[in-house]
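> Pasting in a structure now, in structure tokens, and then I'll have a few things to ask.
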Amino acid sequence: MTSLSVLGSTGSIGLQTLNVVKNDPRLKVVALAAGSRWEEVLAQAKEFSAAVIALEDPEAARAAEREKTALGLDDLIVLSGPEGIARCAELDEAAVVVHAVPGFAGIIPLMRALESGKRVAFAGKEALVSAGELIEPYLRKNPGQLVPVDSEHSALFQCLLGEDPESVVELVLTASGGALRDYSAEQLRNVTPKEVLEHPTWKMGKKVTVDSATLVNKSLEVMEAHYLFGVPYEKLKVVVHRQSIVHSMVTFVDGSTKAQASVPDMSLAISYGITFPERHPGVVPSLSPYYGTLTFEEPDTDRFPGVLLGHRAGEMGGTAPCALSYADEILVKEFLNGRIGFLDITRTLFRFLDAYRPRPVDGLDVLKREALRAEEKIRELLL
Ligand SMILES: NC(=O)c1ccc[n+]([C@@H]2O[C@H](COP(=O)([O-])OP(=O)(O)OC[C@H]3O[C@@H](n4cnc5c(N)ncnc54)[C@H](OP(=O)(O)O)[C@@H]3O)[C@@H](O)[C@H]2O)c1
């Protein structure tokens, strides 16, 4: 039996993780953590008999503490604040931490899980993009301690297993193209948050859905792949693959390309992230060999220049990936709140990087400072 601590349990990845657990008798949940939705977390704790929950919002944690008795959860331990989330990442009772906390807030829980030697099934890409230079040493020291859950990185991880890193020519990340992939430049100008949130294939949280539409998500994934696999940026490519069947590919020196394919369902990457190196049976229906046509196209960087930002910030190095990721977090919120247009997100990120001077990453404090500086600069650019 593998025991899990699920960070971000009320979100898209969190809910899909709990669904995987429901269908797999060899998995159980010991801890659940989320931001503020305490009623959902209490209901999950009851359903999965979790021993510990954590809510980042202290007010929500107080409400959960107050109400737990009414649900017969007197023994449930309720933790609070960022420290409560971090403690869920290092509980002795959990063998695997599922990390699905989006944004900058995911950095400390990720570091605490890795420091305490936990296996991590990892989705919260912004944490790795922002703190990659601090996290990389753990990844190189203990390969396999962190197994990616993002479907592209899970595919790359699987394609690279057993291969000599020296024989890798390039990693090719596939992209669905996002909800707006067929919109003209003119249509993109006036697109609303509602249209953007209708992703063609994946049902995801709002931030990652907007990032998928701008293709900034692919940029974050390029930087995530750089840190995960230690591959230089010139060896990372992006291809638009509308069917989302091939999740990514690796090309080797002999001319061979390995790809990983499955029906588009995150449950597979989540399950594999948890059970690696085992594969548990029946997670998703297998792919028919008669699936039909698969297409692979070059991204249209005129309509979707956001796909270029990852290489740009990655090659700038130092704090640039962190600053870009945080700047994007702010801009996505502004777009969802109707304060800026869709195209302003990427346009502002380019202007931001043009003026940005990266600093060396020598600890968490510099990342916090750079995030604050990024926020100030973005506010200035939006005036
Ligand atoms: N969804 C996908 O298919 C997918 C695929 C690949 C990678 N990812 C990555 O996985 C991560 C999660 O994505 P998602 O789509 O699941 O997001 P989501 O649906 O927005 O869910 C976010 C989860 O994190 C919790 N949370 C938010 N802020 C928090 C904080 N400060 N501390 C602790 N918990 C916090 C939320 O709790 P509340 O509900 O209480 O706010 C919720 O449980 C992102 O980094 C995303 O890029 C997602």
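The values are calculated or read from the model by the stated rules, or taken from the named source; none is laboratory data. Note that the structure is predicted; figures quoted are calculated from it, not measured. We place every Cβ from the backbone using ideal geometry, glycine too, and count neighbours over all the protein chains shown. With ligands, DNA and RNA removed, areas are computed over all heavy atoms of the protein, side chains included. Shrake-Rupley method; radii C 1.70, N 1.55, O 1.52, S 1.80 Å.
> Using unit Cβ charges (K, R positive; D, E negative) and no other charged atoms, how large, in debye to the nearest 20, is the dipole of region 153-382 about its Cα centre?
Details: 25 positive and 31 negative charges, 135 e Å.
Value, rounded to 20: 660 debye.
> If you don't mind, another one. Given an 8 Å cut-off on Cα distances and at least 6 residues of separation, report the relative contact order of region 153-382 as a percent. Kindly include the intermediate steps, with their values, before the conclusion.
Details: 330 pairs, mean separation 56.2, N = 230.
RCO, region 153-382: 24 percent.
> Quick check: pseudo-label points 7 Å beyond the Cα along Cα→Cβ at R66 and D365, how many nm apart are they?
Placing both labels 7 Å along Cα→Cβ, they lie 3.8 nm apart.
> Would you calculate the convex hull of the Cα atoms in region 328-383 and tell me its volume per residue in Å³?
Values: hull volume 4.1 nm³, N = 56.
Once divided by residue count, the hull of region 328-383 is 73 Å³.
> In Å², and per residue, what accessible area does the chain have when probed at 1.4 Å with the other protein chains present?
Roughly 43 Å² per residue, with all protein chains present.
> Rounded, prolate or oblate: which fits region 69-213, taking a ≥ b ≥ c as square roots of the Cα gyration tensor eigenvalues, rounded meaning a/c under 1.5, else prolate when a/b beats b/c? Please report the intermediate quantities before stating the final value.
Values: a/c = 2.40, a/b = 1.22, b/c = 1.97.
Oblate, since a/c reaches 1.5 and b/c is not below a/b.
> To continue, here is another question. Calculate the FRET efficiency for D75 and R279 from the Cβ-Cβ distance with a Förster distance of 30 Å, rounded to the nearest 0.05.
Here the calculated transfer efficiency is 0.30.
> Can you give me the distance in nm between label points at R339 and R26, each placed 7 Å from the Cα along the Cα-to-Cβ direction?
My value for the distance between the label points is 4.8 nm.
> Give the calculated FRET efficiency between M316 and K203 to the nearest 0.05, with a Förster radius of 51 Å applied to their Cβ-Cβ distance. List each step's numbers first, then the result.
Values: r = 34 Å, r/R0 = 0.66.
So the FRET efficiency works out to roughly 0.90.
> A further question on this structure: For region 2-148, how big is Rg over Rh, using alpha carbon atoms and the Kirkwood form of Rh? Show your work: numbers first, answer last.
On the way: Rg = 14.3 Å, Rh = 14.9 Å.
Ratio of gyration radius to Kirkwood radius: 0.96.
> Going toward the positive end of the dipole of the chain, with +1 on Lys and Arg Cβ and -1 on Asp and Glu Cβ, which of H247, Q16, L294 do you reach last?
Towards the positive end, the residue furthest out is Q16.
> For region 145-188, which whole-number percentage of the solvent-accessible area (1.4 Å probe, protein heavy atoms only) is attributable to carbon and sulfur atoms? Write out the running numbers ahead of the final one.
On the way: 720 of 1480 Å².
It is 49 percent, rounded to a whole number.
> Same structure again: How far apart, in nm, are two points set 7 Å out from the Cα along the Cα-to-Cβ line at E375 and at S167?
4.8 nm
> Right, next: Could you go through region 286-298 in sequence order and give the Karplus-derived ³J(HN,Hα) for each residue, using 6.51 cos²θ - 1.76 cosθ + 1.60 with θ = phi - 60°, rounded to whole Hz, and x for Gly and Pro?
Once rounded to whole Hz, the list reads 6, 6, 6, x, 9, 3, x, 7, 10, 10, 9, 10, 6.
> Shifting gears a bit: Taking a threshold of 22 Å on the Cα-Cα distance, which of the pairs K125/K203; K68/K118; K46/K207; K218/K333; K22/K125 fall above it?
Details: K125/K203 17 Å; K68/K118 28 Å; K46/K207 28 Å; K218/K333 18 Å; K22/K125 25 Å.
In this structure, K68/K118; K46/K207; K22/K125 lie more than 22 Å apart at Cα.
> Could you work out [θ]222 nm for the chain from helices alone, using -39500 (n - 2.57) per DSSP H run of at least four and dividing by all its residues? Round to the nearest 500 deg cm²/dmol. Walk me through the intermediate numbers first.
Values: 16 runs with 176 residues, N = 383.
Calculated from helices alone, the mean residue ellipticity at 222 nm is -14000 deg cm²/dmol.
> Rg/Rh for region 1-49: what does it come to with C-alpha atoms and Rh from Kirkwood? All intermediate terms of the calculation are to be shown ahead of the outcome.
Numbers: Rg = 9.9 Å, Rh = 10.6 Å.
Taking Rh as the inverse mean 1/r over Cα pairs, Rg/Rh reads 0.93.
> Which semi-axes, in whole Å and largest first, does the equivalent ellipsoid of the chain have when worked out from the alpha carbon gyration tensor as the square roots of 5 times its eigenvalues? Walk me through the intermediate numbers first.
Working: eigenvalues 188, 132, 89 Å².
Value: 31, 26, 21 Å, ordered largest first.
> So, one more: Is the shape of region 290-350 best called rounded, prolate or oblate, per the rule: a/c under 1.5 gives rounded, else a/b larger than b/c gives prolate, else oblate, with a ≥ b ≥ c the square roots of the Cα gyration tensor eigenvalues?
In terms of gyration-tensor shape, oblate.
> If you plug each phi of region 40-49 into the Karplus form 6.51 cos²θ - 1.76 cosθ + 1.60 with θ = phi - 60°, what whole-Hz ³J(HN,Hα) values come out, in order, with x for Gly and Pro?
Coupling constants for region 40-49: 5, 5, 4, 4, 5, 4, 5, 4, 9, 6 Hz.
> Can you run phi through the Karplus equation (6.51, -1.76, 1.60; θ = phi - 60°) for region 20-35 and list ³J(HN,Hα) in whole Hz, with x for Gly and Pro?
Residue by residue, region 20-35 yields 4, 4, 4, 9, 10, x, 8, 10, 9, 9, 10, 8, 9, 9, 8, x Hz.
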